[in-house]
Amino acid sequence: MTSDFNIIEEIKKNSLDDKIPIVREKTIKYICDLISKNNYENILEIGTAYGYSSATICQEQCVKNILTIEKNIYSFNKAKKFLKNFKKIHLINDDAFLFEPVQLFDLIFIDGPKSHQENLVEKYLKFLSPNGRMIVDNIFLKKIANISDRTKNQKKILEKVEKFTEWLKNNKFFSTSIIDIDDGIAIINK
């Protein structure tokens, strides 16, 4: 039987070969440390892709359950294949804007679509346990931000992310910390 480490490396290689973005090294380490320090058991991930972050997070001993949502059927099927032996991970093929969880989560990781992130935060905040945290990846999009001749689409995405970051900072209903690692993450506390 192939070890979890080998499967994680295979997911990573396949994702990179297929140009599917995966969470960066410092970011996933930060998330895993946060989970471990806080003894988080139930995790919700929005944006499975091929399952790299879920497979990595489920290596933390305290984690008992990861529910991960992927809208794209091709990515969902790839993740299903890769994660078939990961008993803690439960995959859902659905649109995160339509899906309705039936439980609270200690950590909610949003690594999905960059448009309408405010809606995702507002929707899923009510499913965060009282001492839980929400993490939103790619707050800075440094790769795009450092290109001088951005495409029209890249400019739009960057504008949306900048607007979203300002919305997070100015929101009165929760507190947000912006961590400058990799492409930046926002940590949201109720």
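The values are calculated or read from the model by the stated rules, or taken from the named source; none is laboratory data. It should be emphasised that the depicted structure is a prediction, and the values quoted were computed from it without experimental measurement. Please note: Cβ atoms are built from the backbone with ideal geometry, for glycine as well, and neighbour counts cover all protein chains shown. Side chains are part of the model used for accessible areas, which takes the heavy atoms of the whole protein and leaves out ligands, DNA and RNA. Shrake-Rupley method; radii C 1.70, N 1.55, O 1.52, S 1.80 Å.
For the stretch 63-89, the set of residues classified as outside any helix (DSSP H, G or I), open to solvent by 20 Å² or more (accessible area, probe 1.4 Å) and not polar (S, T, N, Q) consists of Lys64, Leu67, Glu70, Lys71, Lys84, Lys87, Lys88, listed by residue number. Considering the conditions (1) β-branched (Val, Ile, Thr); (2) in a helix (DSSP H, G or I); (3) closer than 21 Å to Thr48 by Cβ, Ile92 is excluded by exactly one of them, (2). With the structure loaded, tell me whether Val102 is buried (at least 21 other Cβ atoms within 10 Å of the Cβ) and either assigned to a loop (DSSP other than H, G, I, E, B) or aromatic (Phe, Trp, Tyr) (or both) or whether it fails that test. Spelling it out, it is not the case that Val102 is buried (at least 21 other Cβ atoms within 10 Å of the Cβ) and either assigned to a loop (DSSP other than H, G, I, E, B) or aromatic (Phe, Trp, Tyr) (or both).
Against the definition (in contact (Cβ under 8 Å) with a residue 40 or more places away in the chain and small (Gly, Ala, Ser)), how does Ser75 come out, yes or no? For Ser75, the condition - in contact (Cβ under 8 Å) with a residue 40 or more places away in the chain and small (Gly, Ala, Ser) - is met. Checked against the criterion of being open to solvent by less than 60 Å² (accessible area, probe 1.4 Å) and of a type outside the set (S, T, N, Q), the candidates Glu118, Glu122, Glu162 yield just one match: Glu118. Checking each residue in the stretch 173-190 for being open to solvent by less than 20 Å² (accessible area, probe 1.4 Å) and in a strand (DSSP E or B) picks out Ile185, Ala186, Ile187, Ile188. Answer yes or no as to whether Glu41 is open to solvent by 40 Å² or more (accessible area, probe 1.4 Å) and either among the charged types (D, E, K, R) or touching a residue at least 60 places away in the same chain (Cβ under 8 Å) (or both). Criteria met by Glu41.
Quick one: Ala55 ticks every box in (1) modelled with pLDDT of 95 or more; (2) closer than 30 Å to Leu158 by Cβ; (3) surrounded by fewer than 22 Cβ atoms within 10 Å (Cβ to Cβ) bar one, so which box is it? Answer for Ala55: the failing condition is (3).
Taking (1) in a loop (DSSP other than H, G, I, E, B); (2) under 25 Å from Ser36 (Cα atoms); (3) modelled with pLDDT of 95 or more in turn, Gly112 satisfies each apart from (3). Scanning the stretch 1-56 for residues being assigned to a strand (DSSP E or B) and at positive phi gives a total of 0.
Looking only at residues of the stretch 131-159 that are over 15 Å from Pro113 (Cβ atoms) and at pLDDT 90 or above, we find that the one that is most open to solvent (accessible area, probe 1.4 Å) is Asn131.
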